[in-house]
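The values are calculated or read from the model by the stated rules, or taken from the named source; none is laboratory data. Keep in mind that what you see is a predicted model, and the values were worked out from it rather than measured. Note that we place each Cβ from the backbone using ideal geometry, even for glycine, and neighbour counts take in every protein chain shown. With ligands, DNA and RNA removed, areas are computed over all heavy atoms of the protein, side chains included. Shrake-Rupley method; radii C 1.70, N 1.55, O 1.52, S 1.80 Å.
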Amino acid sequence: MEFRAITRYVRISPSKAAEISRLIQGKPVVEALAIVEISPRKAARLFAKTLKSAVANAEKDDKNPTKKEALIVKKAAADPGPMLRRYRPKARGMAGRIRKRMSHFTVVLAAE
C-alpha cells in the first residue's frame, strides 16, 4: 500500500531541497522525521511538513489504516516548478536576469 503527499510551489531551489530528499529516502518514517527535525536547513523544515502530511494520510486511510512505525519512505523528490524571473540593472545599461526557483515536493510512503 502506498500513501503520498505533494507540496507544490515551494520557494526553494530544487537542488537545495534534493540534498534533504536524498537523506530521508529509503529510511523508516520515524528515523526520517528525526532527521528533518534536527536538520537546520530550510528544506528540511519544508520536507517535514510534507512528510507529516503523508503520515497523516496513511493513518487516516479508510480501507487500511497504517501505523507510523510500519512505514518507510519509498520516494522523496524535489522536482522543479515554475520560475519567477526578475531583472537587476548591470553595468553599461544592461540587465542581469535573476531566477527565483520553485519546487514541488513529493513524498511516497510504503507499508513494510
_As I understand it, the dipole of the chain uses +1 on the Cβ of Lys and Arg and -1 on the Cβ of Asp and Glu, about the Cα centre. Which of G81, A95, P28 lies farthest toward its positive end?_
A95
*Using only the Cα atoms of the stretch 24-78, construct the convex hull and provide its projected area averaged over every direction, in square nanometres to one decimal.*
3.6 nm²
*Roughly what would the spin-label model give for I98 and K27, points 7 Å off Cα along C-beta, in nm?*
3.3 nm
*asked:* Give me the 1.4 Å probe accessible area per residue for the chain, excluding ligands and nucleic acids, in Å².
replied: 64 Å²
_At 18 angstrom or more along the helix axis (alpha-carbon based) and mean Kyte-Doolittle of 0.0 or higher, what helices does the chain contain? Whole DSSP H runs only._
42-59
*Please identify every one of the trypsin sites (Lys or Arg not before Pro) in the stretch 48-89 that sits in a loop by DSSP and has no more than 14 other beta carbons within 10 Å of its own beta carbon.*
K60, K63, K67
*If you average 1/r over every pair of different alpha-carbon atoms in the stretch 50-112 and take one over that average, what Kirkwood value in Å do you get?*
14.8 Å
_Nearby lysines by direct alpha-carbon distance to K52 (threshold 26 angstrom, same-chain neighbours under 8 apart not counted)_ = K16, K27, K42, K60, K63, K67, K68, K74, K75
_At a threshold of 8 angstrom on Cα-Cα distance, excluding pairs fewer than six apart, so keeping six or more, what relative contact order does the chain reach in percent?_
41 percent
*Cut-off 14 Å between beta-carbons: net charge of the residues surrounding A70, Lys and Arg +1, Asp and Glu -1*: -2
*asked:* Net charge around K52, counting only other residues with Cβ within less than 14 Å of its Cβ (Lys, Arg = +1; Asp, Glu = -1)?
replied: +3
*So, with a 1.4 angstrom probe, what is the percent of accessible area on the chain that is carbon and sulfur?*
51 percent
